[in-house]
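Comments concern the structure below.
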């Protein structure tokens with residue numbers, strides 16, 4: 001994960017501030033420990049994406065879970081050398097299926113910056129419905145950004 005993040009700073013950092021030039025092994029380990037605790041408490045479920053030879057390609061998960069309203073955020077990222085090969089859509093599909101099968105969530109939201117066309121394409125490829133643009137919804141390294149929101153809902 002650490003090596004993949006450092007490889008991908010130029011492509012990921014504009015959208016996800018955690019993926020910065022100084023990203024340390026300590027930060028990666030700390031993030032993993034926090035995610036394990038959140039999963040144990042039913043507050044987030046993050047998954048690693050590997051290829052057939054166990055090379056780390058990226059991550060995908062559900063977080064910001066609202067138990068009261070039974071929805072969550074669906075997020076994903078892929079290392080630069082694996083981009084454009086269908087990794088993110090495949091991971092996002094699997095995580096969405098898992099969420100609807102293993103939890104009581106009824107809605108997953110994908111919220112991406114209006115300029116993040118790669119993320120929007122992933123959402124569209126997995127059948128998420130574009131619902132609109134939310135003004136100043138995301139805080140990016142460059143400042144506040146409007147965001148496009150997509151959704152997937154539990155199959156009936």
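Bear in mind that the values in this text are calculations on the coordinates, not laboratory data. In this text the structure is predicted, and so the values were computed from the model without any measurement. No Cβ is skipped: glycine too gets one built from the backbone with ideal geometry, and neighbour counts run over all protein chains shown.
Does the range 50-141 come out rounded, prolate or oblate by the C-alpha gyration tensor, with a ≥ b ≥ c the root eigenvalues, rounded set by a/c under 1.5 and, if not, prolate when a/b is larger than b/c and oblate if not?
Details: a/c = 1.88, a/b = 1.18, b/c = 1.59.
It comes out oblate by the Cα gyration axes.
What is the distance, in nm, between label points placed 7 Å from the Cα along the Cα-to-Cβ direction at residue 3 and at residue 34?
2.5 nm
For the chain, rounded, prolate or oblate, judged on the Cα gyration tensor with a ≥ b ≥ c (square roots of eigenvalues), a/c < 1.5 rounded, else prolate if a/b > b/c?
Because its axes are fairly even, with a/c under 1.5, the chain counts as rounded.
Assuming R0 = 30 Å, can you tell me the calculated FRET efficiency for the pair residue 139 and residue 85, based on Cβ-Cβ distance, to the nearest 0.05?
Computed FRET efficiency for residue 139 and residue 85: 0.50.
Give the distance, in whole Å, between the Cα centre of the range 1-48 and the Cα centre of the range 84-118.
Distance between centres, Cα-based: 17 Å.
For the chain, what proportion of DSSP beta bridges, expressed in % and rounded to the nearest 5, is antiparallel?
Numbers: 28 of 31 bridges.
Of those bridges, close to 90 percent are antiparallel.
Within the range 102-120, which residues have the backbone N less than 14 Å from the label spot 7 Å out from residue 153 along Cα→beta-carbon, could you tell me?
106-109
On full extension of the chain, what length is gained from residue 115 through residue 63, given 0.36 nm per residue of separation minus the C-alpha to C-alpha distance?
16.5 nm
Under the rule of -39500 (n - 2.57) per DSSP H run of 4 or more residues, summed and divided by the residues of the chain, what mean residue ellipticity at 222 nm is obtained, to the nearest 500 deg cm²/dmol?
Mean residue ellipticity at 222 nm (helix-derived): -9500 deg cm²/dmol.
With 10 angstrom as the radius, rank 97, 109 by how many other C-beta atoms surround their C-beta, starting from the fewest.
Ascending number of Cβ neighbours within 10 Å: 97, 109.
Report the extension gain between residue 50 and residue 18 in nm, rounded to one decimal, defined as 0.36 nm multiplied by the number of residues separating them, less their alpha carbon distance.
9.5 nm
Under the definition of Cα pairs under 8 Å and six or more residues apart, what whole-number percent is the relative contact order of the range 1-96?
22 percent
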